[in-house]
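Structure, as structure tokens:
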Amino acid sequence: MRNPLTWLRRNLVVIAGLGTLAYMILPNVVVTVFSFNNPTGRFNYAWQEFSLDAWKDPCGVADMCGSLSLSLQIALWSTLAATALGTAIAFALVRYRFRARGAVNSLIFLPMAMPEIVMAASLLALFLNMGIQLGFWTILIAHIMFCLSFVVAAVKARVLSMDPRLEEAARDLYAGPVQTFVRVTLPIAAPGIAAGALLSFALSFDDFIITNFNSGNTVTFPMFVWGSAQRGTPVQINVIGTAMFVIAVLVVLAGQMVGNRRKKAQPK
């Protein structure tokens, strides 16, 4: 019979990993379970009985789907803008030498280290001093600003790991700059760009602090959830949260499947 301590030492990393995974997934499991609840009062905090009413009418709460649609629009546009700008900045920082390159390289990551409350107050002061009306566009500008750093970090790490000999080989085969970028550089950098885009979308959709400072009368989905929690939590919020979680898991699984297929298709 094996010694329990020996078995524990051999499987400690696996046990710690499973425990961490369970700790991370547990809140999502609770949200999913309570999306099928039929609470008796205004708050969906205690289990009463199983019901599919919230799933049959996810937009049954006034203004909830409107705020959800607004959050999706802001997240989509901020992701597109941050991904395009962040990718260009990452290539410039890695491939080119210019004045103040070191300063730009340091300042571009400042939003990642700065507390959100500081950035929110700074952007609010900027918009007010410039006379810009708070609303959709101020939220979008703020989201692009803090998402940009994360895209640059993801793409820059990928570009740094690229083998320059691949691009040199393409040029030796008489490929032009555009053809080399489209056929060689872009496909290699694509995983980093996709990772930055997904991270940017998640951060933008989920943001509350910066949005709350710069929204004016505009209400996004996180702000709607916060406001609902003060007077009663509708079950439909759990439904939307469960749907977003399932979609995120499916996207990750699809990415893993595509990556595994590409590895199997590569010649050994």
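Of all residues in segment 50-74, those that are within 26 Å of G135 (Cβ to Cβ) and open to solvent by 70 Å² or more (accessible area, probe 1.4 Å) total 4. When segment 193-215 is limited to residues that are closer than 15 Å to V225 by Cα and within 14 Å of the chain's Cα centre (by Cα), the one that is least open to solvent (accessible area, probe 1.4 Å) turns out to be D207. Checked against the criterion of being modelled with pLDDT under 90, open to solvent by 60 Å² or more (accessible area, probe 1.4 Å) and assigned to a helix (DSSP H, G or I), the candidates W77, W7, W47 yield just one match: W7.
Which ranges mark the helices (runs of 4 or more DSSP H) fully within segment 106-179 that have 1 or more residues being among the acidic types (D, E)?
On the way: elements: 110-113, 116-129, 136-160, 164-172.
Here the list reads 116-129, 164-172.
The C-beta contact set for segment 195-206 (first residue part of a helix (DSSP H, G or I), second residue among the aromatic types (F, W, Y), distance under 8 angstrom, 6+ apart or interchain) comprises G196/F150; L199/F150; S200/F150; L203/F146; L203/F150; F205/F221.
Among residues of segment 230-245 that are over 16 Å from S51 (Cα atoms), those with a Cβ under 6 angstrom from a residue that is modelled with pLDDT of 90 or more, sequence gap 6+ or separate chain, pair up as G241/V31; F245/N28.
Name the residues in segment 217-268 that are of a type in the set (K, R) and either under 17 Å from N44 (Cα atoms) or open to solvent by less than 50 Å² (accessible area, probe 1.4 Å) (or both), would you? Step through it out loud before you land on a result.
First, pick out the residues of segment 217-268 that are of a type in the set (K, R): 231, 261-264, 268.
R231, the sole residue that qualifies.
The values are calculated or read from the model by the stated rules, or taken from the named source; none is laboratory data. Since the model is a prediction, treat every value here as computed from it, not as a measurement. In this analysis, Cβ positions are derived from the backbone assuming ideal geometry, glycine residues included, and neighbour counts consider all displayed protein chains. Accessible surface areas use protein heavy atoms only, side chains included; no ligands, DNA or RNA. Shrake-Rupley method; radii C 1.70, N 1.55, O 1.52, S 1.80 Å.
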